[in-house]
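Taken together, the values in this text are just the output of simple stated rules run on the coordinates, not laboratory data. The structure presented is a predicted model; accordingly, all values stated were derived computationally and were not measured. Quick reminder, even Gly has a Cβ in these numbers, built from the backbone with ideal geometry, and neighbours come from all protein chains shown.
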Amino acid sequence: MPKAADKPMARPRILAIDAEGKTTRVKAERLEIELGGGRKLLLAFPERAWGDLEIEAEGDSDDVVPMLSLQPGACNLMTLRVDLHHDMLPAESVESIDLPQSDSPPVLKLAVQKAVDGPDKASVPKKHNIRRWAQAALLRDAEVAVRLVGEAEGRELNRAFRGKDYATNVLTFVYGEGEEAHERGDGGGPLAGDLVLCVPVVLREAAEQGKTAEAHFAHLVVHGMLHLQGHDHENEAEALDMEKLETDILGGLGYADPYA
């Protein structure tokens, strides 16, 4: 019997009110607010009863670091400000704050790096989708960088680290304490790693397999996240277990069986 915390919760009621007091009801899972000056505020609403409202700042350039600051105004009022900093390290290098451990779901610290140009750039999935896919496959706290690359970089990485002279769809790299824990099999400290997705290869495979690009990207993010957390397909039994897990996760996200 499912726990109450696992049951989907009703979507929040979102009311947009203009300067004249006119109210419009909005149905949404996510709001993107353009603040001007290259600043954007993103609000993502929870899908589960234990979920919290996610607030994220974004900039229109990879050369800036968007920062959120909070200014209390009264007991029931606060001001949220978005600033862009040009003299800091890239966003993926900014140190995160370690929150106290609790019984809440595993925490994902995610960085997305987009290193593609030309026509492929328009087909790169949005960061909030990548986060949703990665979170769905998360079994423990992890810090993950997802890098979306072109064919040249994908081929170079595959040749350097796997000795195979071609670009593949996804590469998984485990490092730090997570790698040692993976080798020991004891859970260890926080898991850290990179997923590298070769965008033109993913798009080509999706077309060949009759899938949408979104569905194939989702599958490969889930596949890579499971690899990162110790799952593998070195033999038939492992492959079947991993395929079932991927299919179940993707089904929960609303995607068809990728192996059907």
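Brief remarks follow.
- Cβ crowding within 10 Å averaged over residues, with 28-41, 126-139 ranked highest first: 126-139, 28-41
- Each of Asp241 and Asp117 was given a label point 7 Å from its Cα along the Cα-to-Cβ line. The distance between the two points is 4.5 nm.
- A crude spin-label estimate for the pair Arg140 and Gln209, with each label 7 Å from Cα along the Cβ direction, gives 2.7 nm.
- Put a plus charge on the Cβ of each Lys and Arg, a minus charge on the Cβ of each Asp and Glu, and nothing anywhere else: the dipole of the range 108-253 about its Cα centre is then about 740 debye.
- In terms of distances greater than 23 angstrom between alpha carbons, the cross-link table entries Lys126/Lys211; Lys127/Lys211; Lys27/Lys109; Lys121/Lys211; Lys164/Lys244; Lys27/Lys127 yield Lys27/Lys109; Lys164/Lys244.
- Using R0 = 51 Å, the C-beta based FRET efficiency linking Glu156 and Thr79 works out to 0.65.
- Pairwise FRET efficiency - Leu42 versus Arg13, Cβ, R0 = 22 Å, nearest 0.05: 0.70
- Mean Cβ neighbour count within 10 Å, used as a protection proxy, ranking 142-149, 234-241 highest first: 142-149, 234-241
- Only one residue of Thr172, Gly252, His128 has its Cα farthest out toward the positive end of the dipole of the range 108-253, where Lys and Arg carry +1 and Asp and Glu -1 on Cβ, and that residue is His128.
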